[in-house]
2 protein chains.
Amino acid sequence: MATGRTHRPATRSRGIPEATVARLPLYLRALTALSERSVPTVSSEELATAAGVNSAKLRKDFSYLGSYGTRGVGYDVEYLVYQISRELGLTQDWPVVIVGIGNLGAALANYGGFASRGFRVAALIDADPAMAGKPVAGIPVQHTDELEKIITDNGVSIGVIATPAGAAQQVCDRLVAAGITSILNFAPTVLSVPDGVDVRKVDLSIELQILAFHEQRKAGEEVGAPEEAAGAAGAVPPPPVTPHRAPSGASGAPGTDSGRQGPDGDVPAVMPA
Amino acid sequence: MATGRTHRPATRSRGIPEATVARLPLYLRALTALSERSVPTVSSEELATAAGVNSAKLRKDFSYLGSYGTRGVGYDVEYLVYQISRELGLTQDWPVVIVGIGNLGAALANYGGFASRGFRVAALIDADPAMAGKPVAGIPVQHTDELEKIITDNGVSIGVIATPAGAAQQVCDRLVAAGITSILNFAPTVLSVPDGVDVRKVDLSIELQILAFHEQRKAGEEVGAPEEAAGAAGAVPPPPVTPHRAPSGASGAPGTDSGRQGPDGDVPAVMPA
DNA sequence: AGGTGTGAATTCTTTCACAGCG
DNA sequence: CGCTGTGAAAGAATTCACACCT
């Protein structure tokens, strides 16, 4: 994998499945809600419903953490909140830096859920000199030149990249060089990082495309024409093995979006892979 | 659901694994970049690297779509771009509505990558009357009252929820009632929807928590204290089976979620720049 | 009774490794 | 030869279903 290796020597049997780790925050959120309502205990069934999973999965997940429930009763909400928080490392404070204070970066900076879970925006960084000093969400934006110093001084280990795609890898490299070991990438690019650095990505475009896939399927099946959708007509346009031609012409393929370079605040994307 | 058994390897398989579907957008992006650089063909190895996966996985993924490569040569970039686009349903235009035009909603509306892939922001909707008429990203915001009409009139089937958590389910219900069948949820809540409706969620907080988990593990392992239980930090604080009492006292469990925002005070966030 | 905790069975993914076509 | 396409093996993740504790 070019993007951060998830391969871990599993030095210990204490290994919690990745799929389980990804669900812990979900349980935590549901538990927090129950806690606020002063609910003392929950059964796996109730909690599972609140978290949007099935009870068997939830119990199995919890079994990796330990036996924190009481048979015949359920789980103690407060206790479980604590255990999961600890397991996720939320009992400590994580300073975070956000690089790229555009529309998205600003939205992230203003995101309340940030502080509510042990994360603290330690700094906002942007390459635009005009942004420097300007406060966003109450925090003054600092120039990229300060990046290394900011990270070092604040002992930041988690960085959020919200820059245009074209600048992402470069920013990533600097973050890593400065000591960051976990990155949340919002830029539509594959980041390559050295071993030991984790990268998680969030991409609106990808999510929408996945939805479109299913949406398209629904439409086709609804019509009762399971045979490769409308394709029937002029489908299967381009020759399968001919040298190389663009699908152009043919059917109603919309002007094949050949430029994903979004104007409007977007940026130069092209970058040496 | 009409489960079309995956019998023989018909050129068009009904069942493309979900994991594969989730990667198609990644391949598409890499291919688009190659296309822009006028690269005619790519080997599975090259494309895999560009997409951040390994070649075996990529070839297997493509095998579900059909045999679009040429042995000894590789894949025709343009041809593959077309095939994947078609498979993802991007050869058609998908009108999308964004509900909740706060910081995040505005950022999403301004996101260039939107239009570049067959998606078109058909409307921006917000519950705040003061927002009505005000243009965001060149599109006038409409009031929630118009929601149903907007969706019906524009034949929208994909909705993006960027409202506070407290309003999400309600908005979701209305979207679904109005005909939406695919939802991208940015609100930190589990949405319940009827069968047939797809929901994908994006949650900044969850991603950060997952990173924190790994980050914490790195730190511990680095110290050379792999044995978890080793009461590393403050030891195993609260009793495991005692009635039910918060982790309170003991150790330094930081005010867990001190200053937790009000009910629906926070909004999620996410998306690429 | 009422639920948890979990081995076992099942299903989904990833990885191997190699036959075979261009 | 080089590289794709793929059965088959290996590894996760999910689901079953039930023994077992309170």
**OP:** Calculate the length of the line joining the C-alpha centroid of segment A:190-204 to that of segment A:60-116, in whole Å.
**Re:** 21 Å
Subject >> Label-to-label distance, nm, for residues given as A:R37 and B:D195 (7 Å Cα→Cβ offset) >> reply: 2.7 nm
Original post:
Once you charge only the Cβ atoms, +1 for Lys and Arg and -1 for Asp and Glu, what is the size of the charge dipole of segment B:18-88 about its Cα centre, to the nearest 20 debye?
Top reply: 140 debye
**OP:** Over both sides of the A-B contact, add up the buried accessible area with a 1.4 Å probe and give it to the nearest 100 Å².
**Re:** 9900 Å²
**OP:** For every other residue with a beta carbon closer than 12 angstrom to the beta carbon of A:K134, add +1 if it is Lys or Arg and -1 if Asp or Glu, then tell me the sum.
**Re:** -2
**OP:** Send over the Kirkwood Rh of segment A:87-169, from the inverse of the averaged 1/r over different Cα pairs, rounded to one decimal Å.
**Re:** 12.9 Å
**OP:** Name the residue farthest towards the positive end of the dipole of segment B:18-88 from the options B:T32, B:L58, B:L80, assuming +1 on Cβ of Lys and Arg, -1 on Cβ of Asp and Glu, about the Cα centre.
**Re:** B:L58
Original post:
For B:A178, what is the net charge nearby, where nearby means another residue's Cβ is under 13 Å from its Cβ and Lys, Arg count +1, Asp, Glu -1?
Top reply: -3
Original post:
Tally Lys/Arg at +1 and Asp/Glu at -1 over every other residue whose Cβ is under 11 Å from the Cβ of A:Q209; what's the total?
Top reply: 0
Original post:
Counting partner chain Cβ atoms within 10 Å of every residue's Cβ in B:178-188, what's the average?
Top reply: 3
Original post:
Taking each residue of B:26-36 in turn, how many C-beta atoms of other protein chains fall within 10 Å of its C-beta, and what is the average?
Top reply: 4
Original post:
When Cβ neighbours within 10 Å are restricted to other protein chains, what is their mean count per residue of peptide A:90-97?
Top reply: 5
Subject >> Convex hull projection area averaged over all views, segment B:10-61, Cα basis, nm² >> reply: 3.9 nm²
**OP:** May I ask you to give the percent of accessible area on segment B:7-154 that is carbon plus sulfur, with a probe radius of 1.4 Å?
**Re:** 52 percent
Subject >> Ordering of A:203-209, A:173-179 by packing [mean C-beta count within 10 Å, highest first] >> reply: A:203-209, A:173-179
**OP:** Every other copy gets compared here: list the nm distances from the B:A56 label point (7 Å along Cα to Cβ) to its counterparts, shortest first, one decimal.
**Re:** 2.9
Original post:
Can you pick out the pairs among A:K60/B:K218; A:K201/B:K134; A:K218/B:K201 whose Cα atoms lie more than 27 Å from each other?
Top reply: A:K201/B:K134
Original post:
On full extension of the chain, what length is gained from B:V73 through B:E45, given 0.36 nm per residue of separation minus the C-alpha to C-alpha distance?
Top reply: 8.9 nm
Subject >> Karplus-derived 3J(HN,Hα), 6.51/-1.76/1.60, for each residue of segment A:124-140, Hz, glycine and proline x >> reply: 10, 10, 9, 7, 7, x, 5, 7, 3, x, 5, x, 10, 6, x, 10, x
Subject >> Other-chain or far-sequence residues with amide H under 5 Å of A:W94's (modelled H) >> reply: A:F119, A:R120
Original post:
How far is B:K149 from itself in the other copies, in nm, if each label sits 7 Å out from Cα along the Cα-Cβ line, shortest first?
Top reply: 5.6
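The values are calculated or read from the model by the stated rules, or taken from the named source; none is laboratory data. Since the structure is predicted, the reported quantities are computational estimates derived from the model, not experimental observations. As a convention, Cβ positions derive from the backbone with ideal geometry for all residues, glycine included, and neighbour counts pool all protein chains shown. With ligands, DNA and RNA removed, areas are computed over all heavy atoms of the protein, side chains included. Shrake-Rupley method; radii C 1.70, N 1.55, O 1.52, S 1.80 Å.
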